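Okay, so here's the structure we're looking at.
All of the numbers you see were taken from the coordinates with simple rules; none came from a lab. Values in this document were obtained by computation on a predicted structure and should not be read as measured data. Cβ coordinates were reconstructed from backbone atoms using ideal geometry, including for glycine residues, and neighbour counts include every protein chain displayed.
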Amino acid sequence: MKNSEISEIRVRKIMDSRGGFTVEVIVESEDISSNAMVANSTSTGSHEVCAFPNGDVDACISNFETKKKDFIGIDAIEQKAVDDTLKSVGGEGFGFIGGNIATGVSIAAAKLAAKSLGMELYEYVHAKFTKQYGIRKSIPRPLGNLIGGGAHSNNKMSIQEILISADSGKFMKNATINAQAHKELGKRLKSMGMSTGVNIEGAWNTGLGDMENLKLAKSVAMDVGKETSSRIELGADFAASEFFKDGRYRYSDASFDVNGHVEFVYGLIRDFSLSYVEDPMNEDDFGGFASLLKKSGKSCMIVGDDLYTTNKSRVEEGIKKLATNGVLIKVNQIGTLSDTLDVIKVSHENGLATIVSHRSRETTDNFIAHLAVAFGSKFIKTGIVGGERVSKLNEVARIEEIESLVG
Ligand code: 2PG
Ligand code: MG
């Protein structure tokens, strides 16, 4: 066993996958060191902690420097002590050091602890935290972004993401079937004389509207599913807060009031056999989510992202109001691993599925692969192509190999 007492923390400014700035945090003990790189977002929920207040990465790094000494001497195995210190020095909502530095310190500390024990991060997080909640490690299914719209793209599709997930039983096979569908759609767009540009997550930026894109995705999913003898499920992240203005959901060619939008989304679930729907309603409309869930029943996973922002009290409100049957998990929406674990616990206790997710402006860090396994998550939502997305897919595949050897 190696020493896991924190002797130094360094924060470096690095680039995200869109050329913006974010941070890498390096945590050291006398014997070992670990690092964590933290992603940025584009369609940010109003209830998230702020990644970098005023967008000022340098100010957050200097502010953290003034508080660094408070962490020296803490044993990284004491995750709660690390995270409580982050909260006490970080300012209200991490307004002083920024949510991304908090997340980086929290995750790098967990990585240091795992390394000191000679464990993989997923094994450590499971053994130390989630096993006691009755959660079993599991290999998630890859959920990937096929066609992009909304705030992630510059086109007339209002839905932010049309998602696919192959269901063949093996992780790498699923990831490669998703990639095959992505490629097939590219070929079709080319033969239709359409744009073959991609958006910030590598999803196709087709120039078509919401309905045409859904039809195209359905046809590709059916055809590639047949070719590969596997089922490819369809989903959508509406990120609906982005196009909810003055009480109406405003698409490029239609607009709906709240009840009308519940009916519209329900119609899409039925017509396109959507098995996954994320943020179909505005981020504060627990009632709208609940109406949709009541209608769709078990046929579809209704998931809160901006609705919950990985915040335990918001998830508890969702549970009380029967708003969703799934919770999206992004550590940097809340800033610490401990607070994320509280969300995992309450979700699991109440039978809500969890989905560990990337952000739109990623890094090559693969810690979400480990968290998805340790949290027993049904899906890992991390795109289909692009190095920063594939780094997570390859890591889940590696974990799957280790786990099959373990038996
Ligand atoms: C989302 C994410 C990832 P962002 O809305 O689910 O796709 O996007 O990081 O921009 O919030
Ligand atoms: Mg989302």
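Quick notes on this one:
- Placing unit charges on each Cβ (+1 for Lys and Arg, -1 for Asp and Glu) gives segment 7-140 a dipole about its Cα centre, and among 102, 44, 61 the Cα reaching farthest toward its positive end belongs to 44.
- For the chain, a Gaussian network of Cα nodes joined below 10 Å ranks 97, 32, 384 by mean-square fluctuation, and the top entry is 32.
- When each of 60, 50 is scored by the number of other beta-carbon atoms lying within 10 Å, the sequence from fewest to most is 50, 60.
- Charge dipole (segment 255-407, unit charges on Cβ, about Cα centre) - positive-most of 394, 303, 275: 275
- Helix axis angle, 171-191 relative to the chain longest principal axis, alpha carbon, degrees: 50 degrees
- For segment 276-407, the pair-distance distribution built from all alpha carbon pairs, in bins 5 Å wide starting at 0, is 2, 11, 21, 21, 19, 14, 8, 4, 1, 0 percent.
- Size of charge dipole - segment 8-118 - debye, nearest 20, with Cβ of Lys, Arg +1 and Asp, Glu -1, no other charges: 200 debye
- Given +1 at the Cβ of Lys and Arg, -1 at the Cβ of Asp and Glu and no other charges, the dipole of the chain around its Cα centre is 1060 debye to the nearest 20.
- Amide H partners (placed H, <5 Å) of residue 236, local residues excluded: 163, 276, 277, 278
- Relative compactness, the chain, computed as alpha-carbon Rg over 2.2 N^0.38 Å: 0.96
- In order along segment 316-325, phi translates into HN-Hα couplings of 4, 5, x, 5, 4, 8, 6, 7, 8, 10 Hz, rounded to whole numbers, per the Karplus curve 6.51 cos²θ - 1.76 cosθ + 1.60 with θ = phi - 60° and x for Gly and Pro.
- Gyration tensor verdict on segment 8-118 (Cα atoms; rounded if a/c is under 1.5, prolate if a/b is larger than b/c, oblate otherwise): prolate
- Counted charge near residue 188, where neighbours are those whose Cβ lies closer than 13 Å (Asp, Glu -1; Lys, Arg +1): +2
- Computed from point charges on the beta carbon alone (+1 for Lys and Arg, -1 for Asp and Glu), the dipole magnitude for segment 143-291 about its Cα centre is near 820 Debye.
- Sorted by Cβ density within 10 Å, fewest first, the residues 86, 117: 117, 86
- Amide H to amide H, with H built 1.01 Å from N, residue 206 comes under 5 Å of 148, counting only residues 5 or more places away or on other chains.
- Each residue in 271, 279 was given a count of other beta-carbon atoms within 10 angstrom of its own, and listing them fewest first yields 271, 279.
- Between helix 210-227 and the chain there is an angle of about 80 degrees, using the helix long axis and the longest principal axis of the Cα atoms.
- Reachable lysines from residue 2, criterion Cα separation under 24 angstrom, eight or more residues apart if same chain: 68, 69, 80, 111, 115, 128, 131
- FRET efficiency, residue 65 to residue 294 (Cβ-Cβ, R0 56 Å, nearest 0.05): 0.65
- Farthest positive-ward along the chain dipole, Cα basis, beta-carbon charges - from 252, 73, 34: 252
- Relative contact order (%) - criterion: Cα under 8 Å, at least six apart; region: segment 131-406: 21 percent
- Segment 210-337: projected area of the alpha-carbon convex hull, averaged over directions, in nm²: 8.8 nm²
- Overall form of segment 53-211 per C-alpha gyration tensor (a/c, 1.5; a/b vs b/c): oblate
- Distant-in-sequence amide H partners of residue 23 (H built 1.01 Å from N, under 5 Å): 14, 38
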